[in-house]
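Structure first, commentary second.
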Amino acid sequence: MLPLNYTADMKFIAIACNNKAGKGKALALAHHLKQKLEHLKINCILFINDFPENFNQFSAVWLAGGDGTLNYFINKYPAISIPIALFKGGSGNDFAWKLYGNKTIEEYFELAVLGVAKKIDAGICNGKYFINGAGIGFDGEVVKAMGANKLLAGHLAYLLTVLKKIFFYREIEITVETDGNCRKEKLFMITVANGSRYGGGFLVAPQSVIDDGELDIVLINQIAPLRRLFYLPKIEKGKHLHLHFVETGNAKKVIIRSEQILAAHLDGELMEASLFEIEVLPRQFLFYF
């Protein structure tokens, strides 16, 4: 509950949403946030899809959406310096979970109004920004296959696509260079993480820290198809880091090469290339969490 002596002086909030995010959930959430701000007599403007050239006149921007909305936003405004609040309005909401766990919308509303913003890291891959993480190999193929699925979204869609692809994906020979250390071998999946969770609930990089100035690397080596299915629940729960075919590390810069085009994702958004140059951007954005 907000304190009795709370005043709305000096606050001017921009609420931004993609009306298609979460199959309309983000739009309903954005209107709810606007009503709550107006009730507190806090000035605000709601932007639906048509975002302004910049947010310089505002004291903060609140995003109603999921990982896709956030990825679009940071790429459109990579130099934004005002605080950002991310409200869970998408289908996966993986980075929102990283920021504030299972807090309710009402709890996070109070945090966004009264809290102090903190700087967090981001990453850049081939000139495109990401904030949750990049997945290359099997993870990228799953996201690529999900692009054709218009009926389901979020964790269920991700899980079903994983189950369809898990037996037939073949590891590809990949060169991975991390801060000057180089290796070349067949890998099942490479995750370069800032956040911890992907696919609406898979804790691929549970050890990640969003303000340590480094990216977390999770490499999954070759693994037989049947064993992939056996270990899937462990990866979902983040209990896989000790397994013999999993390697972890940290790096400020990662270069990934292959002789063929690889499917990848940045915050769940598909990217395809044979070369990925990835680098951490320390303390790039301000977030309430």
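Quick rundown of the values:
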read-out	value
Estimated Rh, region 184-266: Kirkwood, alpha-carbon pairs, angstrom	13.6 Å
Region 79-141 shape via C-alpha gyration tensor axes, a/c threshold 1.5	oblate
Per-peptide average of other Cβ atoms within 10 Å, ordering 100-108, 213-221 highest first	213-221, 100-108
Per-selection metrics, region 134-289 (Cα): Rg and Dmax in Å	14.9, 43
Relative contact order, percent, the chain [alpha-carbon distance under 8 Å, six or more residues apart]	21 percent
Using a Förster distance of 35 Å, the FRET efficiency for Lys234-Glu177 (Cβ separation, nearest 0.05)	0.80
Region 98-217: relative contact order as a whole-number percent, Cα under 8 Å and 6+ apart	28 percent
Diffusion coefficient, µm² s⁻¹, Stokes-Einstein with Kirkwood Rh over alpha-carbon pairs of the chain at 25 °C and 0.890 mPa s	125 µm²/s
Estimated FRET transfer efficiency (Leu114, Leu160; beta-carbon r; R0 41 Å; 0.05)	0.55
DSSP beta bridge pairing in the chain, given as percent antiparallel to the nearest 5	75 percent
³J(HN,Hα) computed for each position of region 203-212 - Karplus, 6.51 cos²θ - 1.76 cosθ + 1.60, integer Hz, glycine/proline x	7, 5, 10, x, 8, 5, 10, 8, 9, 9
Exposure rank, largest accessible area first [Tyr169, Tyr129, Tyr72; 1.4 Å]	Tyr72, Tyr129, Tyr169
Straight-distance crosslink candidates among lysines, where the alpha carbon sits under 22 Å from Lys237 and sequence neighbours closer than 8 are dropped	Lys88, Lys98, Lys103, Lys164, Lys165
Global form of region 10-132, assessed from the alpha-carbon gyration tensor, a/c cut-off 1.5	rounded
Anisotropy class of region 86-198 from Cα gyration tensor, a/c 1.5 cut	oblate
Degrees between helix 105-114 axis and first principal axis of the chain (Cα, 0 to 90, nearest 10)	70 degrees
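The values are calculated or read from the model by the stated rules, or taken from the named source; none is laboratory data. Predicted model only: the values in this text are computed from it and were never measured. Every residue, glycine among them, receives a Cβ derived from its backbone with ideal geometry; neighbour counts consider all protein chains shown. Protein only, heavy atoms only, side chains kept; ligands, DNA and RNA dropped before computing areas. Shrake-Rupley method; radii C 1.70, N 1.55, O 1.52, S 1.80 Å.
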